[in-house]
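Input: a single structure, listed below in structure tokens.
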Amino acid sequence: MKVSSLFQVFLLTGLVACGSGSPAGGEIQSTAKPLPPAGEPVSNDARATRDPYSYANSEQMRVRHAELNLTVDFATQTLTGQVTLVVERLNDQAGELVLDTRGLDIRRVALNQGGAKLLDLPWRLGEADPVLGAPLLVDVSAAGRRGRFSITVDYTTRPGAEALQWLDKGMTSDGRSPFLYSVAASIHARSWIPLQDTAATRMTFGARLRVPPGLTALMSARTLSADIQTGEYTFSMSQEIPAYLIAIAVGELKYHAFDQRSGVWAEPSVIEAAAEEFEDTPAMIAGAEALYGPYRWEQYDLLVLPPAFSLGGMEHPRLSFITPTLIAGDKSLVGTVVHELAHSWSGNLVTNASWQHMWLNEGFTSYVEMRVVETLYGKAERKMEEVLGYQDLMFELAELAPENQSLVPAVLLKNPDDGFTAVPYQKGAQFLVYLEQAYGREAFDAFLKQYFDHFAFQSVTTEDFLDYLQQHLASVYPDRVSASQLERWIYAPGMPADFVPPVSPELEEIRVVILDWLDGEIELVDIPRSNWGSQQWRYLLGHLPVGTDPGQLAVLDDRFKLTDSGNAIVTSKWLELAVRMGYQPAYRRLEPFLIQVGRSSLINNVYRALAESSPQGLELARNIYRKAGPGYHPTARPSIQALLYPGDRAED
Ligand SMILES: [Zn+2]
């Protein structure tokens, strides 16, 4: 996943507790694991063995396959149907299956007894927690004590399901058809499918979908059959994945193939620009394969979502979801595509077993991203991305409590979504850069390739990684990195004392140029910007000193047309700067931009600048949010509400 989330403040409110009776009657004793209280220090044992964000008793019974049969209804904003779960019994004493749910209307749970024969099972929903949802407790003693069995759960999602965003046609690029997409990371799969929503459990899945005729349905799976006339689709994912990688998208879409195994989906008006912008995708796959071994997911497609998409990208296997804000016209933002592709090794193939170990997904991916960018676009480009990532990290470390600054958080977060800070991404990546330098690129590359192969299709913890590192690198080169250095990187706050920050000569040059201009030593016409891409602008706009005169911003705007920039990254940084420096002419772009774009990392900074600027700025931000908010993904709204309505005074 690609986010930049300084403000992932937990503010989920109003989730419905879903107590429900058991149609088959009978009291059930819960075997759901007790959850450690949030804010408590986490022991190493707990780090290694438990997923505190799931009720599932997956150590006793494990879901191995989920077969969905759902109707997509845009009018009611619901999915209705069944999921059939194939469950493997690991403990023959266990008589109860515990699944994760949040806000689902469950109608029936039944044991499949062959053919169409179903036996109703006793079930109930436990007490609901606003973050974790409610456990679905099913008495499966009728399934016998050995081997596998399968149950079918009839259910309907609710319009507010956190994983799903239902877009009116007016919120799409083409404005012709409604659009549905899901993002289930970190623990939102349970809001659209009752299952074991822990990254420690991997399963295959299949699906039969009915969508409005004329619309295309896609999933993070192979499409087995597609009938756009009737709206009937079937899918199969035969490789085991965790629940958070099950994804759905429905809308008016066109496909452009890059080659035999990769291509891009997008709305008709976007497909041509997308095909051009992302044409390097096959080269990216080849570059990653050369470093880390074969791409294992057969097909790699991109899906360009409507602008309301809340993330930079989301790495669903076979089908990365990406934001159209990456289409800059000059390929300067394709690093995010490299990032999502890199997850095909780090995250999707080798998965963090729970979100406390998120750096295993995101730190590794940010590192692999840098390496592939270096292979494809050169060292200068890689260094620019590295420096910008490092700056995000410094910015966030200045604001984060020490217990949230370690790669494995020292304190359990109440909501794992709050863990998506620059720490797992950029500190994680810098840790791997450190290891690469300590062991040498050749040895470290070989190690990493072997690591991805050894743990392929498994979910792992930090301890698994450290054991493997010890066995295959540390013991071979015992004098390079000490145990206490490893410990320091993973479990201590901040950056280690011997850490050397990355440097980019290209960005350093810009900093000097702009300071010279602000000091009056050079004229604006001397600023050499002809070859500047998004990275340079991002750096420049982030380095104008506080107190820069609005008149100077006017000169900059006049020359470079920043208020009307077509590059969303530039627009986001420019609007933030304009608000902070009181440059009024840029304000006309605020509302259109915040209504059009839903990507959290590009809008939260603008809302924050407005909220902090003045009471009038806060009022303006609230007015814009009233119009724009309904167009944001459910998981993107809480952080903005926390900025605009501190003290939980959200209006909607
Ligand atoms: Zn990611």
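The values are calculated or read from the model by the stated rules, or taken from the named source; none is laboratory data. Predicted model, so just to flag it, every value in this text is computed and none were measured. Don't worry about glycine lacking a Cβ; one is built from the backbone with ideal geometry, like all the others, and counts go over all protein chains shown.
Quick look at the numbers
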item	result
Test set (1) among the aromatic types (Phe, Trp, Tyr); (2) modelled with pLDDT of 95 or more; (3) surrounded by 21 or more Cβ atoms within 10 Å (Cβ to Cβ) - PHE420 fails condition number	(2)
Which numbered condition LYS169 fails, given (1) buried (at least 19 other Cβ atoms within 10 Å of the Cβ); (2) over 23 Å from ASP301 (Cα atoms)	(1)
Test for ALA226: is it outside the structural domain of HIS357 (by TED's automatic domain parsing), surrounded by 22 or more Cβ atoms within 10 Å (Cβ to Cβ) and either more than 21 Å from LEU303 (Cα to Cα) or not aromatic (Phe, Trp, Tyr) (or both)	no
Output for the range 163-178, where each listed residue is among the charged types (D, E, K, R) and either out of contact with any Pro (no Cβ under 8 Å at 6 or more places or on another chain) or part of a helix (DSSP H, G or I) (or both)	LYS169, ARG176
Single unsatisfied condition, PHE457 versus (1) surrounded by 15 or more Cβ atoms within 10 Å (Cβ to Cβ); (2) touching a Lys or Arg at 6+ places or on another chain (Cβ under 8 Å)	(1)
Check on ARG318, more than 12 Å from the ligand (Cβ to nearest atom) and either within 24 Å of GLU272 (Cβ to Cβ) or under 16 Å from the mean Cα position of the chain (by Cα) (or both)	yes
Residue count for the range 360-411, restricted to those that are within 16 Å of the ligand (Cβ to nearest atom) and among the β-branched types (Val, Ile, Thr)	4
Enumerated strands (runs of 3 or more DSSP E) restricted to the range 82-155, each holding at least 1 residues that are within 24 Å of ARG208 (Cα to Cα) and not aromatic (Phe, Trp, Tyr)	96-101, 105-112, 118-120, 134-139
Boolean, MET394 is in a helix (DSSP H, G or I) and over 18 Å from SER534 (Cβ atoms)	yes
Residue identified as within 24 Å of the chain's Cα centre (by Cα) and touching a residue at least 60 places away in the same chain (Cβ under 8 Å) among ALA636, ALA628	ALA636
Pairs with Cβ under 8 Å, 6+ apart, first in the range 513-533 and in contact (Cβ under 8 Å) with a residue 40 or more places away in the chain, second among the small types (Gly, Ala, Ser) and surrounded by 13 or more Cβ atoms within 10 Å (Cβ to Cβ)	GLY533/ALA328; GLY533/SER332
Residue in the range 187-199 that is in a strand (DSSP E or B) and not polar (S, T, N, Q) present	yes
Residue in the range 298-313 that is closer than 23 Å to VAL433 by Cα, outside any helix (DSSP H, G or I), more than 11 Å from the ligand (Cβ to nearest atom) and of a type outside the set (A, V, I, L, M) present	no
Verdict on VAL337 being crowded, with 24+ Cβ neighbours inside 10 Å, in contact with a Lys or Arg (Cβ under 6 Å, 6 or more places away or on another chain) and in a helix (DSSP H, G or I)	no
Among (1) more than 27 Å from the chain's Cα centre (by Cα); (2) assigned to a helix (DSSP H, G or I); (3) farther than 30 Å from ASP558 by Cα - the single one PHE447 does not satisfy	(1)
Whichever residue in the range 339-357 is near the ligand (Cβ under 10 Å from one of its atoms) and over 14 Å from LEU245 (Cβ atoms) and, among such residues, is farthest from the chain's Cα centre (by Cα)	ALA342
Filtered residues of the range 329-338 (kept if more than 19 Å from PHE452 (Cβ to Cβ) and either aliphatic (A, V, I, L, M) or more than 10 Å from the ligand (Cβ to nearest atom) (or both))	GLY329, ASP330, LYS331, SER332, LEU333, VAL334, GLY335, VAL337
